[in-house]
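**Student:** Pasting in a structure now, in structure tokens, and then I'll have a few things to ask.
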Amino acid sequence: MPDEINVAFIIAEEIEDNSCTKIHELLQRCLRKHKDAIYVFIPTNVPSSPLLVEQLEKVGFSFSGIMPHIHDGHDRITLQWINKTIDLEAIKVYGDNGRKIFDYVKSELKRVKDCNYKSPISSV
């Protein structure tokens with residue numbers, strides 16, 4: 001991936017009891033490298049996925065979408081940690097379903113901004 005994109009992707013292949021801690025450690029590494037955005041891909045076909053999503057949301061990740069059939073034919077929940085200001089008004093959304101998803105993504109970005117997550121919480 002070109003450096004000018006300046007994002008990182010964390011792919012949760014398996015979900016274990018310490019997955020949140022592992023992702024948190026990877027997030028810290030990415031932030032030390034001044035990444036503009038970090039995306040986490042979480043499998044939807046694993047029963048413990050909702051718990052991991054909840055844990056990651058508590059430390060400042062926000063929902064960014066669902067990626068169908070992206071890894072090994074499975075859908076992934078995508079969470080994001082954004083370090084840049086995004087001009088959300090410049091994003092064009094088509095269709096009612098797209099608008100609903102986009103509105104939710106915006107509300108999630110507002111949630112993490114309002115919580116003032118400046119760096120990862122060290123006690124996950």
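**Student:** Taking the mean number of other Cβ atoms within 10 Å as a proxy for protection, how do you rank 83-94, 52-63, 100-111 from highest to lowest?
**Tutor:** The packing order, highest mean first, is 52-63, 100-111, 83-94.
**Student:** Measure off, as a whole percent, the carbon and sulfur share of the 1.4 Å-probe accessible area of the chain, all protein chains present.
**Tutor:** Whole-percent figure for carbon plus sulfur exposure: 53.
**Student:** Take the Cα radius of gyration of the chain and divide it by 2.2 N^0.38 Å, with N its residue count; two decimals is plenty.
**Tutor:** Compared with the compact-globule rule of thumb, the chain sits at 1.05.
**Student:** Can I ask one more? Can you give the translational diffusion coefficient of segment 1-60 in µm²/s, computed by Stokes-Einstein from the Kirkwood radius over Cα pairs at 10 °C and 1.306 mPa s?
**Tutor:** Answer, rounded: 130 µm²/s.
**Student:** May I pose another question? Which of the lysines could a cross-linker span from Lys106 if the Cα-Cα distance has to be under 26 Å and same-chain partners fewer than 8 positions apart are dropped?
**Tutor:** Counting by Cα, and skipping residues close in sequence, Lys106 has these lysines nearby: Lys33, Lys35, Lys58, Lys84, Lys92, Lys118.
The values are calculated or read from the model by the stated rules, or taken from the named source; none is laboratory data. Since the structure is predicted, the reported quantities are computational estimates derived from the model, not experimental observations. Neighbour counts are summed over all protein chains in view; Cβ atoms, including those assigned to glycine, are modelled from backbone coordinates with ideal geometry. Note: areas computed on protein heavy atoms with side chains; ligands, DNA, RNA excluded. Shrake-Rupley method; radii C 1.70, N 1.55, O 1.52, S 1.80 Å.
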